[in-house]
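Accompanying notes for the structure given below.
The values are calculated or read from the model by the stated rules, or taken from the named source; none is laboratory data. Quantities reported herein were computed from a predicted structural model and do not represent experimental measurements. When we count neighbours, we look across all protein chains shown, and the Cβ atoms used for this are built from the backbone with ideal geometry, even at glycine. Quick note on the areas: whole protein, heavy atoms, side chains included, nothing else; ligands and nucleic acids left out. Shrake-Rupley method; radii C 1.70, N 1.55, O 1.52, S 1.80 Å.
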2 protein chains.
Amino acid sequence: MDIIQFVEQSIGQWRSQRSAHHMAFSQFEAVRSIIDIDMLSSNDPAVVELCQAYDVEPSRAVSPFQMKWEGQSDWDEDNPEVKGSTILVPVPDPVVPHRGKLLRDQGYAETIAAAGEYHFLDDGTFVLITAYERAAAEERIWFANPNLRFRVSLIKTSGGSGVVTASFSSEIKSSKAE
Amino acid sequence: MDIIQFVEQSIGQWRSQRSAHHMAFSQFEAVRSIIDIDMLSSNDPAVVELCQAYDVEPSRAVSPFQMKWEGQSDWDEDNPEVKGSTILVPVPDPVVPHRGKLLRDQGYAETIAAAGEYHFLDDGTFVLITAYERAAAEERIWFANPNLRFRVSLIKTSGGSGVVTASFSSEIKSSKAE
């Protein structure tokens, strides 16, 4: 698995079931959402701008994509809609191709731009580690088959040892983007 | 990570939060349980008997252990207690030490004895695949730190392509066995 295959398999619309475990209070949260992942052109002004913001030569960007999500949590009944969109730009390491940086204009955990470090495990699992100012996020995504993928996301304290929230998503592809 | 370290880190009492995603109906189930993992002696009659049942020389068994669990699901209000116990016997491959068989006298998914195949990924994740007559189970367990482990369990159709149930557990060590 490399980043090109990984993004290619991810393109489409996904129906997601997510369970969050809030560790300190042993609480469960359930979220249902629709996630749309669409390929972007490397020339897209938003992609070029994001590269420049991180001092990355835009020609090094590989398979940039956009992710949109719209969901409902069982926690917040007054404002249950969780909605967002972000642009993601993989920048593979020129020497070690199964590693690289992933730039994004907004993270899930924080509403600021972030650059994470990704690598692939020997079974094809994609692992992304992103350090924020006051927290760190670790994400693992793997495919059970081309139409089913799993994602485990951890929100950690900035030191990286304590886990604040652990969540698990199962995502079923409902259609393929044209 | 090898099987000896993995079992050693697993010994103790764990407070587990488990979320199951029943894929066909997009349903969520939440289970809270206490899991006790205790080391067994290689000479334990139950260990020797299990080895013999699988035609394995008992001297090849490494770090056998017992697992007990007792939990409560939010699904079945009349009979919410989920309780069980199983003996597990790792048998490492003599040639490829990060792989092996895991014998058990009862599985989670089926109440019959089973021998699964395990291996470790390059980041230390333990992966166990067990084929039953009408289903297959795939389990991944990894440690975020010595007192926190995660487990993703899939129950698949026997062909292995369809996933019936995917579940995610976060397990916090509450005490260490003496």
Based on this model, can you work out whether B:GLN17 counts as in contact with a His (Cβ under 8 Å, 6 or more places away or on another chain), at pLDDT 95 or above and within 14 Å of chain A (Cβ to nearest Cβ)? yes
Could you say whether any residue in the stretch B:134-143 is within 11 Å of another protein chain (Cβ to nearest Cβ) and over 22 Å from B:GLY71 (Cα atoms)? no
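Here is a check on your reading of the model: is A:ALA144 farther than 21 Å from B:GLU171 by Cα and modelled with pLDDT of 90 or more?
Numbers: farther than 21 Å from B:GLU171 by Cα: yes; modelled with pLDDT of 90 or more: yes.
So A:ALA144 fits the description; yes.
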Residue set B:SER167, B:SER153, B:SER158, B:SER174; condition closer than 19 Å to A:ASP123 by Cα and polar (S, T, N, Q); output residue B:SER153
Counted residues, the stretch A:17-32 - those being open to solvent by 20 Å² or more (accessible area, probe 1.4 Å) and within 16 Å of the chain's Cα centre (by Cα): 1
When the stretch B:150-162 is examined, which residues are found to be β-branched (Val, Ile, Thr) and open to solvent by less than 20 Å² (accessible area, probe 1.4 Å)? B:VAL152
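Residues that are within 20 Å of A:GLY124 (Cα to Cα): list the strands (runs of 3 or more DSSP E) wholly contained in the stretch A:1-101 that include at least 3 such residues. Write out each step before concluding.
Numbers: elements: A:12-22, A:27-39, A:65-73, A:81-92.
Output list reads A:81-92.
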Scanning for something open to solvent by less than 30 Å² (accessible area, probe 1.4 Å), of a type in the set (Lys, Arg), under 20 Å from the mean Cα position of the chain (by Cα) and farther than 30 Å from B:GLU29 by Cα, does the stretch A:92-99 turn up at least one residue? no
Just a yes or no: is a residue in the stretch B:59-76 more than 14 Å from the chain's Cα centre (by Cα), open to solvent by less than 90 Å² (accessible area, probe 1.4 Å), within 14 Å of chain A (Cβ to nearest Cβ) and within 17 Å of B:SER153 (Cα to Cα)? yes
